[in-house]
Amino acid sequence: MKKQLIILGIETSCDETAASVVRGVGDKVEVLSNVVSSQIEIHKKYGGVVPEVAAREHVLNILPVVNEALAKAGIKSPLPSLGELGTGSLLKGAKKIDAIAVTVGPGLVTSLLVGVETAKTLAYAWGSPVVAVNHIEGHIYANWLRPISEIFNFQFSISKRIQNTKYKIQDKIKFPAIILTVSGGHTMLVLMSGHGKYRVLGETRDDAAGEAFDKAAQLLGLGYPGGPAVAAEAVKARGKKLKDISLPRPMINSGDYDFSFSGLKTALWYAIQRDKIWKKRISGYAYEFEQAAVEVLVSKIVKAARDFNCQTIMLSGGVAANLELRNQLAQAVKNRLDGAKLIIPEFKYCTDNAAMIAAAGYFRAKRKDFTPWQKLKTEPNKEFI
Ligand code: KG4
Ligand code: ZN
(Lines give C-alpha, C1' and ligand atoms only; values in the text may rest on other atoms or scores of the structure.)
(Ligands and ions follow the chains in the order given, each with its own letter.)
Protein backbone atom coordinates (compact mmCIF):
# COMPACT_ATOMS: atom_id res chain seq x y z
CA MET A 1 0.00 0.00 0.00
CA LYS A 2 1.21 3.51 -0.80
CA LYS A 3 2.17 5.49 2.26
CA GLN A 4 -0.02 8.45 3.01
CA LEU A 5 1.08 11.54 4.87
CA ILE A 6 -1.23 13.87 6.78
CA ILE A 7 0.07 17.44 6.80
CA LEU A 8 -1.09 20.45 8.80
CA GLY A 9 -0.39 23.67 6.87
CA ILE A 10 -0.16 27.13 8.44
CA GLU A 11 -0.08 30.43 6.50
CA THR A 12 0.19 33.93 7.99
CA SER A 13 2.48 35.79 5.57
CA CYS A 14 0.16 38.70 4.82
CA ASP A 15 -3.44 39.39 5.83
CA GLU A 16 -5.02 35.94 5.87
CA THR A 17 -4.76 33.66 8.88
CA ALA A 18 -5.06 30.18 7.42
CA ALA A 19 -4.73 26.54 8.42
CA SER A 20 -5.45 23.36 6.51
CA VAL A 21 -5.07 19.62 6.76
CA VAL A 22 -4.26 17.65 3.61
CA ARG A 23 -3.69 13.98 2.91
CA GLY A 24 -0.98 13.23 0.36
CA VAL A 25 -0.66 9.88 -1.37
CA GLY A 26 1.76 9.42 -4.26
CA ASP A 27 1.32 12.44 -6.51
CA LYS A 28 -2.17 13.33 -5.24
CA VAL A 29 -3.12 15.74 -2.52
CA GLU A 30 -6.59 15.67 -1.01
CA VAL A 31 -7.82 18.62 1.05
CA LEU A 32 -9.39 17.48 4.32
CA SER A 33 -9.97 20.98 5.64
CA ASN A 34 -9.18 24.52 4.54
CA VAL A 35 -9.88 27.39 6.92
CA VAL A 36 -9.11 31.00 6.02
CA SER A 37 -9.81 33.99 8.23
CA SER A 38 -9.56 37.04 6.00
CA GLN A 39 -8.76 40.53 7.24
CA ILE A 40 -9.82 42.26 4.03
CA GLU A 41 -12.69 44.11 5.72
CA ILE A 42 -10.35 45.42 8.43
CA HIS A 43 -7.70 46.72 5.99
CA LYS A 44 -10.21 48.07 3.48
CA LYS A 45 -10.60 51.37 5.29
CA TYR A 46 -6.83 52.02 5.03
CA GLY A 47 -6.70 51.10 1.31
CA GLY A 48 -4.06 48.43 1.95
CA VAL A 49 -2.60 46.06 4.53
CA VAL A 50 -1.36 47.69 7.75
CA PRO A 51 1.38 45.35 9.10
CA GLU A 52 0.87 46.01 12.83
CA VAL A 53 -2.88 45.50 12.54
CA ALA A 54 -2.37 42.32 10.51
CA ALA A 55 0.02 40.84 13.11
CA ARG A 56 -2.36 41.56 15.96
CA GLU A 57 -5.24 39.93 14.08
CA HIS A 58 -3.10 36.85 13.36
CA VAL A 59 -2.37 36.47 17.09
CA LEU A 60 -6.10 36.56 17.84
CA ASN A 61 -7.05 34.20 15.03
CA ILE A 62 -4.32 31.60 14.79
CA LEU A 63 -5.40 29.13 17.51
CA PRO A 64 -9.12 29.13 16.60
CA VAL A 65 -8.21 28.75 12.91
CA VAL A 66 -5.81 25.82 13.51
CA ASN A 67 -8.34 24.29 15.87
CA GLU A 68 -11.11 24.50 13.27
CA ALA A 69 -8.90 23.02 10.55
CA LEU A 70 -8.04 20.04 12.79
CA ALA A 71 -11.67 19.53 13.83
CA LYS A 72 -12.99 19.76 10.24
CA ALA A 73 -10.42 17.20 9.14
CA GLY A 74 -11.82 14.82 11.73
CA ILE A 75 -8.81 15.06 13.99
CA LYS A 76 -10.52 14.60 17.29
CA SER A 77 -8.21 16.43 19.66
CA PRO A 78 -8.52 20.09 18.89
CA LEU A 79 -6.22 22.48 20.69
CA PRO A 80 -7.40 23.65 24.08
CA SER A 81 -8.73 27.16 24.33
CA LEU A 82 -6.36 29.79 25.71
CA GLY A 83 -7.93 29.40 29.16
CA GLU A 84 -7.17 25.69 29.42
CA LEU A 85 -3.74 25.39 27.87
CA GLY A 86 -2.24 22.16 29.07
CA THR A 87 0.17 19.83 27.34
CA GLY A 88 -2.05 16.83 28.02
CA SER A 89 -4.67 17.70 25.44
CA LEU A 90 -2.10 19.22 23.07
CA LEU A 91 -0.26 15.91 22.90
CA LYS A 92 -3.35 14.04 21.73
CA GLY A 93 -3.22 15.80 18.35
CA ALA A 94 0.21 14.40 17.65
CA LYS A 95 -0.57 10.91 16.38
CA LYS A 96 -2.57 11.95 13.34
CA ILE A 97 -0.29 14.67 11.97
CA ASP A 98 2.80 13.45 10.12
CA ALA A 99 4.30 16.92 9.62
CA ILE A 100 3.57 20.62 10.11
CA ALA A 101 4.20 22.86 7.09
CA VAL A 102 4.47 26.58 7.68
CA THR A 103 5.15 29.62 5.50
CA VAL A 104 8.50 31.14 6.47
CA GLY A 105 8.61 33.87 3.78
CA PRO A 106 8.47 36.04 1.82
CA GLY A 107 6.01 38.31 3.59
CA LEU A 108 5.52 40.71 6.48
CA VAL A 109 7.91 39.67 9.24
CA THR A 110 5.51 40.37 12.11
CA SER A 111 2.79 38.34 10.38
CA LEU A 112 5.11 35.45 9.48
CA LEU A 113 6.31 35.25 13.08
CA VAL A 114 2.85 34.30 14.34
CA GLY A 115 2.64 31.26 12.04
CA VAL A 116 6.24 30.23 12.61
CA GLU A 117 5.99 30.44 16.41
CA THR A 118 2.74 28.47 16.33
CA ALA A 119 4.35 25.76 14.20
CA LYS A 120 7.34 25.59 16.52
CA THR A 121 5.12 25.24 19.59
CA LEU A 122 3.01 22.49 18.04
CA ALA A 123 6.11 20.69 16.78
CA TYR A 124 7.58 20.75 20.28
CA ALA A 125 4.33 19.64 21.92
CA TRP A 126 3.49 16.94 19.34
CA GLY A 127 7.04 15.89 18.50
CA SER A 128 6.12 16.35 14.82
CA PRO A 129 8.63 17.27 12.13
CA VAL A 130 8.37 20.73 10.55
CA VAL A 131 8.64 21.69 6.89
CA ALA A 132 9.61 25.29 6.07
CA VAL A 133 7.65 26.41 2.99
CA ASN A 134 8.24 29.36 0.72
CA HIS A 135 5.02 31.27 0.00
CA ILE A 136 5.60 31.28 -3.79
CA GLU A 137 6.26 27.55 -3.75
CA GLY A 138 2.95 27.25 -1.91
CA HIS A 139 1.15 29.18 -4.67
CA ILE A 140 2.71 26.85 -7.24
CA TYR A 141 1.47 23.77 -5.36
CA ALA A 142 -2.10 25.10 -5.35
CA ASN A 143 -2.15 23.35 -8.74
CA TRP A 144 -1.91 19.96 -7.04
CA LEU A 145 -4.96 20.53 -4.85
CA ARG A 146 -8.14 18.71 -5.71
CA PRO A 147 -10.79 17.29 -3.44
CA ILE A 148 -11.44 13.65 -4.36
CA SER A 149 -14.81 14.46 -5.97
CA GLU A 150 -13.13 17.08 -8.13
CA ILE A 151 -10.44 14.68 -9.27
CA PHE A 152 -13.25 12.44 -10.48
CA ASN A 153 -15.22 15.26 -12.13
CA PHE A 154 -12.11 16.67 -13.72
CA GLN A 155 -11.27 13.33 -15.31
CA PHE A 156 -14.86 12.84 -16.31
CA SER A 157 -15.10 16.16 -18.09
CA ILE A 158 -11.77 15.61 -19.82
CA SER A 159 -12.84 12.14 -20.96
CA LYS A 160 -15.99 13.61 -22.46
CA ARG A 161 -13.93 16.12 -24.40
CA ILE A 162 -11.41 13.52 -25.49
CA GLN A 163 -13.77 12.21 -28.16
CA ASN A 164 -13.24 15.18 -30.41
CA THR A 165 -10.09 16.87 -29.13
CA LYS A 166 -6.50 15.98 -28.46
CA TYR A 167 -6.80 16.05 -24.66
CA LYS A 168 -5.21 13.19 -22.80
CA ILE A 169 -6.19 12.07 -19.34
CA GLN A 170 -3.28 12.80 -17.06
CA ASP A 171 -3.64 12.40 -13.38
CA LYS A 172 0.02 13.21 -12.93
CA ILE A 173 1.31 16.66 -13.65
CA LYS A 174 3.99 16.31 -16.32
CA PHE A 175 7.29 18.13 -16.26
CA PRO A 176 8.77 20.39 -17.50
CA ALA A 177 6.03 22.75 -16.43
CA ILE A 178 5.77 26.50 -16.64
CA ILE A 179 4.07 28.37 -13.83
CA LEU A 180 3.07 32.00 -13.63
CA THR A 181 2.61 33.18 -10.06
CA VAL A 182 0.77 36.48 -10.04
CA SER A 183 -0.33 38.05 -6.79
CA GLY A 184 -0.34 41.36 -4.95
CA GLY A 185 3.31 40.89 -4.03
CA HIS A 186 4.74 38.81 -6.88
CA THR A 187 4.84 38.28 -10.60
CA MET A 188 7.15 35.40 -11.36
CA LEU A 189 7.55 32.98 -14.23
CA VAL A 190 9.01 29.70 -13.02
CA LEU A 191 10.21 26.66 -14.95
CA MET A 192 9.71 23.49 -12.94
CA SER A 193 11.60 20.39 -14.04
CA GLY A 194 10.50 18.21 -11.10
CA HIS A 195 9.32 18.46 -7.52
CA GLY A 196 11.48 21.07 -5.79
CA LYS A 197 13.41 21.79 -9.02
CA TYR A 198 12.81 25.36 -10.05
CA ARG A 199 14.37 27.95 -12.30
CA VAL A 200 13.06 31.50 -12.10
CA LEU A 201 12.88 32.63 -15.75
CA GLY A 202 11.61 36.12 -15.11
CA GLU A 203 9.88 38.41 -12.69
CA THR A 204 8.59 41.93 -12.42
CA ARG A 205 11.13 44.72 -12.44
CA ASP A 206 8.86 46.99 -10.42
CA ASP A 207 5.22 46.52 -9.36
CA ALA A 208 3.57 43.11 -9.10
CA ALA A 209 0.60 42.56 -11.42
CA GLY A 210 -1.88 42.47 -8.51
CA GLU A 211 -0.35 45.64 -7.08
CA ALA A 212 -0.88 47.31 -10.47
CA PHE A 213 -4.53 46.21 -10.47
CA ASP A 214 -4.88 47.60 -6.94
CA LYS A 215 -3.33 50.94 -7.94
CA ALA A 216 -5.40 51.17 -11.13
CA ALA A 217 -8.52 50.63 -9.03
CA GLN A 218 -7.41 53.41 -6.71
CA LEU A 219 -6.87 55.81 -9.66
CA LEU A 220 -10.29 54.93 -11.06
CA GLY A 221 -11.96 55.21 -7.65
CA LEU A 222 -12.98 51.55 -7.59
CA GLY A 223 -11.92 50.55 -4.08
CA TYR A 224 -9.85 47.76 -2.50
CA PRO A 225 -8.85 45.04 -3.28
CA GLY A 226 -8.49 46.38 -6.77
CA GLY A 227 -8.24 43.26 -8.92
CA PRO A 228 -11.81 42.04 -8.56
CA ALA A 229 -13.10 45.67 -8.73
CA VAL A 230 -11.26 46.40 -12.01
CA ALA A 231 -12.40 43.06 -13.45
CA ALA A 232 -16.05 43.71 -12.53
CA GLU A 233 -15.91 47.19 -14.09
CA ALA A 234 -14.12 45.95 -17.23
CA VAL A 235 -16.91 43.48 -18.01
CA LYS A 236 -19.28 46.43 -18.56
CA ALA A 237 -17.18 47.69 -21.47
CA ARG A 238 -16.75 44.34 -23.21
CA GLY A 239 -17.77 44.48 -26.86
CA LYS A 240 -18.12 48.26 -26.82
CA LYS A 241 -16.01 50.64 -28.91
CA LEU A 242 -13.37 52.34 -26.75
CA LYS A 243 -12.71 55.57 -28.61
CA ASP A 244 -9.26 57.03 -27.84
CA ILE A 245 -8.62 54.70 -24.91
CA SER A 246 -5.35 52.94 -25.45
CA LEU A 247 -2.69 51.83 -22.98
CA PRO A 248 0.76 50.30 -23.62
CA ARG A 249 1.61 46.57 -23.30
CA PRO A 250 4.86 47.01 -21.33
CA MET A 251 7.76 44.72 -22.30
CA ILE A 252 5.58 42.53 -24.50
CA ASN A 253 8.33 42.34 -27.14
CA SER A 254 11.32 42.53 -24.81
CA GLY A 255 12.46 39.04 -25.79
CA ASP A 256 12.92 37.96 -22.17
CA TYR A 257 10.55 36.76 -19.47
CA ASP A 258 10.52 39.85 -17.29
CA PHE A 259 7.57 42.11 -16.60
CA SER A 260 7.02 45.75 -15.70
CA PHE A 261 3.71 47.14 -14.54
CA SER A 262 4.49 50.49 -12.98
CA GLY A 263 4.60 52.22 -16.42
CA LEU A 264 1.15 50.84 -17.22
CA LYS A 265 -0.25 52.39 -14.06
CA THR A 266 1.45 55.72 -14.89
CA ALA A 267 0.09 55.57 -18.44
CA LEU A 268 -3.39 55.13 -17.01
CA TRP A 269 -2.85 58.12 -14.74
CA TYR A 270 -1.77 60.35 -17.66
CA ALA A 271 -4.62 59.08 -19.82
CA ILE A 272 -7.30 60.03 -17.31
CA GLN A 273 -5.62 63.38 -16.64
CA ARG A 274 -5.96 64.19 -20.35
CA ASP A 275 -9.55 62.98 -20.60
CA LYS A 276 -12.06 65.52 -19.27
CA ILE A 277 -14.90 62.99 -19.30
CA TRP A 278 -12.97 59.99 -17.92
CA LYS A 279 -15.40 59.58 -15.03
CA LYS A 280 -18.05 58.69 -17.60
CA ARG A 281 -15.75 56.10 -19.16
CA ILE A 282 -14.35 54.30 -16.13
CA SER A 283 -15.35 50.88 -17.43
CA GLY A 284 -13.52 51.60 -20.70
CA TYR A 285 -10.31 52.39 -18.82
CA ALA A 286 -10.73 49.33 -16.57
CA TYR A 287 -11.23 47.15 -19.66
CA GLU A 288 -8.18 48.53 -21.47
CA PHE A 289 -6.05 48.20 -18.33
CA GLU A 290 -7.11 44.59 -17.83
CA GLN A 291 -6.49 43.78 -21.50
CA ALA A 292 -3.01 45.33 -21.37
CA ALA A 293 -1.99 43.41 -18.24
CA VAL A 294 -3.50 40.10 -19.39
CA GLU A 295 -2.00 40.27 -22.91
CA VAL A 296 1.50 40.77 -21.51
CA LEU A 297 1.11 37.92 -19.00
CA VAL A 298 -0.26 35.49 -21.60
CA SER A 299 2.35 36.35 -24.20
CA LYS A 300 5.25 35.70 -21.80
CA ILE A 301 3.77 32.38 -20.62
CA VAL A 302 3.36 31.22 -24.22
CA LYS A 303 6.92 32.26 -25.10
CA ALA A 304 8.37 30.42 -22.09
CA ALA A 305 6.26 27.31 -22.71
CA ARG A 306 7.48 27.18 -26.32
CA ASP A 307 11.11 27.94 -25.55
CA PHE A 308 11.29 25.19 -22.93
CA ASN A 309 8.94 22.73 -24.58
CA CYS A 310 6.63 22.55 -21.57
CA GLN A 311 3.90 19.94 -21.29
CA THR A 312 2.04 21.67 -18.51
CA ILE A 313 1.08 25.29 -18.02
CA MET A 314 -0.05 26.40 -14.58
CA LEU A 315 -1.30 29.61 -13.00
CA SER A 316 -1.26 30.62 -9.36
CA GLY A 317 -1.65 33.59 -7.02
CA GLY A 318 -4.52 36.00 -6.43
CA VAL A 319 -4.52 37.42 -9.98
CA ALA A 320 -5.07 33.87 -11.31
CA ALA A 321 -8.65 34.45 -10.14
CA ASN A 322 -9.02 36.90 -13.03
CA LEU A 323 -11.46 35.46 -15.57
CA GLU A 324 -10.07 37.36 -18.54
CA LEU A 325 -6.60 35.98 -17.79
CA ARG A 326 -8.00 32.45 -17.45
CA ASN A 327 -9.96 32.72 -20.71
CA GLN A 328 -7.18 34.27 -22.79
CA LEU A 329 -4.67 31.75 -21.47
CA ALA A 330 -7.01 28.84 -22.19
CA GLN A 331 -7.44 30.12 -25.77
CA ALA A 332 -3.69 30.60 -26.20
CA VAL A 333 -2.86 27.12 -24.90
CA LYS A 334 -5.46 25.58 -27.21
CA ASN A 335 -4.47 27.54 -30.31
CA ARG A 336 -0.75 28.05 -29.87
CA LEU A 337 0.60 25.29 -27.61
CA ASP A 338 -0.55 22.12 -29.22
CA GLY A 339 -0.79 19.23 -26.79
CA ALA A 340 0.04 21.19 -23.64
CA LYS A 341 -2.23 20.93 -20.66
CA LEU A 342 -3.47 23.95 -18.72
CA ILE A 343 -4.12 23.72 -15.00
CA ILE A 344 -5.65 26.55 -13.02
CA PRO A 345 -6.42 26.11 -9.33
CA GLU A 346 -9.90 26.52 -8.03
CA PHE A 347 -10.70 30.12 -7.10
CA LYS A 348 -10.31 29.57 -3.34
CA TYR A 349 -6.82 28.12 -3.81
CA CYS A 350 -5.64 31.03 -5.99
CA THR A 351 -5.68 33.59 -3.18
CA ASP A 352 -3.71 33.01 0.02
CA ASN A 353 -4.61 29.81 1.84
CA ALA A 354 -2.90 27.11 3.89
CA ALA A 355 -3.91 24.09 1.77
CA MET A 356 -1.34 25.15 -0.83
CA ILE A 357 1.30 25.43 1.92
CA ALA A 358 0.38 21.96 3.19
CA ALA A 359 0.58 20.59 -0.39
CA ALA A 360 4.06 22.05 -0.93
CA GLY A 361 4.93 20.72 2.54
CA TYR A 362 3.71 17.24 1.59
CA PHE A 363 6.10 16.96 -1.36
CA ARG A 364 8.97 18.22 0.81
CA ALA A 365 8.01 15.84 3.65
CA LYS A 366 8.06 12.97 1.14
CA ARG A 367 11.70 13.86 0.50
CA LYS A 368 12.25 14.15 4.28
CA ASP A 369 13.17 17.79 3.82
CA PHE A 370 12.51 18.82 7.42
CA THR A 371 13.80 21.70 9.54
CA PRO A 372 14.35 21.11 13.28
CA TRP A 373 11.92 23.39 15.07
CA GLN A 374 14.79 24.96 17.01
CA LYS A 375 16.25 26.20 13.70
CA LEU A 376 13.01 27.36 12.11
CA LYS A 377 13.05 31.08 11.38
CA THR A 378 11.20 33.60 9.27
CA GLU A 379 12.68 34.60 5.90
CA PRO A 380 10.66 37.74 5.11
CA ASN A 381 12.86 38.93 2.24
CA LYS A 382 13.74 35.64 0.58
CA GLU A 383 11.83 35.86 -2.70
CA PHE A 384 12.11 32.23 -3.75
CA ILE A 385 14.05 29.04 -3.13
O1 KG4 B 1 -2.24 35.84 -3.66
P2 KG4 B 1 -2.97 36.95 -3.02
O3 KG4 B 1 -4.26 36.61 -2.30
O4 KG4 B 1 -2.10 37.69 -1.96
C5 KG4 B 1 -0.74 37.98 -2.18
O6 KG4 B 1 0.10 37.11 -1.88
O7 KG4 B 1 -0.50 39.10 -2.68
O8 KG4 B 1 -3.25 38.04 -4.15
C9 KG4 B 1 -3.95 39.25 -3.91
C10 KG4 B 1 -3.94 40.06 -5.20
C11 KG4 B 1 -4.49 41.46 -5.03
O12 KG4 B 1 -3.59 42.40 -5.60
C13 KG4 B 1 -5.82 41.44 -5.79
O14 KG4 B 1 -6.17 42.70 -6.32
C15 KG4 B 1 -5.51 40.43 -6.88
O16 KG4 B 1 -4.73 39.43 -6.22
N17 KG4 B 1 -6.73 39.84 -7.43
C18 KG4 B 1 -7.13 40.03 -8.72
C19 KG4 B 1 -8.39 39.38 -8.85
N20 KG4 B 1 -8.71 38.81 -7.65
C21 KG4 B 1 -7.67 39.11 -6.79
N22 KG4 B 1 -6.54 40.68 -9.75
C23 KG4 B 1 -7.19 40.70 -10.91
N24 KG4 B 1 -8.40 40.14 -11.12
C25 KG4 B 1 -9.03 39.45 -10.12
N26 KG4 B 1 -10.21 38.89 -10.34
ZN1 ZN C 1 0.10 35.02 -1.92
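Quick notes
- Between the range 1-44 and the range 250-272, the C-alpha centres lie 34 angstrom from each other.
- Across the range 157-344, C-alpha contacts under 8 Å between residues 6 or more apart give a mean separation that, scaled by the residue count, equals a relative contact order of 26 percent.
- ³J(HN,Hα), Karplus 6.51/-1.76/1.60, whole Hz, each residue of the range 355-367, x for Gly, Pro: 5, 5, 5, 5, 5, 4, x, 4, 5, 6, 4, 4, 8
- Nonlocal amide H pairs with ASP352, under 5 Å, H built at 1.01 Å: none
- Listed peptides 232-238, 130-136 by packing density, highest first (mean Cβ within 10 Å): 130-136, 232-238
- Entry note: the range 227-385 has Rg to Rh equal to 1.05, where both radii use alpha-carbon atoms and Rh is the Kirkwood radius.
- Difference of contour (0.36 nm per residue) and Cα-Cα distance, GLU295 to ASN381: 28.0 nm
- Residues whose amide H comes within less than 5 Å of that of GLY202, counting only those at least five positions distant or on another chain, are LEU189 (H built at 1.01 Å from N in the peptide plane).
- Between ALA232 and THR121, the distance separating the two model label sites (each 7 Å from Cα on the Cα→Cβ line) works out to 3.7 nm.
- Debye log10 I(q)/I(0) for the range 12-72, one point scatterer per Cα, at q = 0.22 Å⁻¹: -0.82
- Most mobile of ASN61, ASN34, ASN143 in a GNM of the chain (Cα contacts under 10 Å): ASN61
- Subset of LYS300/LYS341; LYS172/LYS348; LYS197/LYS303; LYS28/LYS300; LYS3/LYS72 violating a 25 Å alpha-carbon distance limit: LYS28/LYS300
- Extension reserve of the ILE173-ILE40 stretch, reckoned as 0.36 nm per residue once the Cα distance is removed: 44.6 nm
- Here's how it looks for LYS341: its modeled amide H is under 5 Å from those of THR312, ILE313, which are all 5 or more places away or on a different chain.
- The range 236-248 - phi-based ³J(HN,Hα) in whole Hz, Karplus 6.51/-1.76/1.60, Gly and Pro as x: 5, 9, 4, x, 8, 7, 9, 5, 6, 9, 8, 10, x
- Accessible solvent surface per residue of the chain, calculated while the other protein chains remain in place, 1.4 angstrom probe, Å²: 45
- Using R0 = 25 Å, the C-beta based FRET efficiency linking ASN253 and ASP206 works out to 0.90.
- Beta bridges per DSSP, both residues in the range 157-344: antiparallel share near 55 percent.
- Stretchable slack from LYS279 to SER193, in nm (0.36 nm times residue separation minus alpha-carbon distance): 26.2 nm
- Bridging of LYS240 to aspartates and glutamates at a Cα separation below 14 Å is possible for GLU288, once same-chain residues fewer than 8 apart are set aside.
- Size descriptor for the chain, Kirkwood hydrodynamic radius: 21.7 Å (Cα pairs only, one decimal).
- Mean Cα-pair separation over length for the chain, i.e. relative contact order, pairs under 8 Å, 6 or more apart, %: 24
- Nearest-20 debye value, the range 157-344 charge dipole, Cβ charges on Lys, Arg, Asp, Glu: 760
The values are calculated or read from the model by the stated rules, or taken from the named source; none is laboratory data. In this text, all values refer to a predicted model and were calculated from it rather than measured experimentally. Note that we place each Cβ from the backbone using ideal geometry, even for glycine, and neighbour counts take in every protein chain shown. All accessible areas refer to the heavy atoms of the entire protein, side chains included, with ligands and DNA or RNA removed. Shrake-Rupley method; radii C 1.70, N 1.55, O 1.52, S 1.80 Å.
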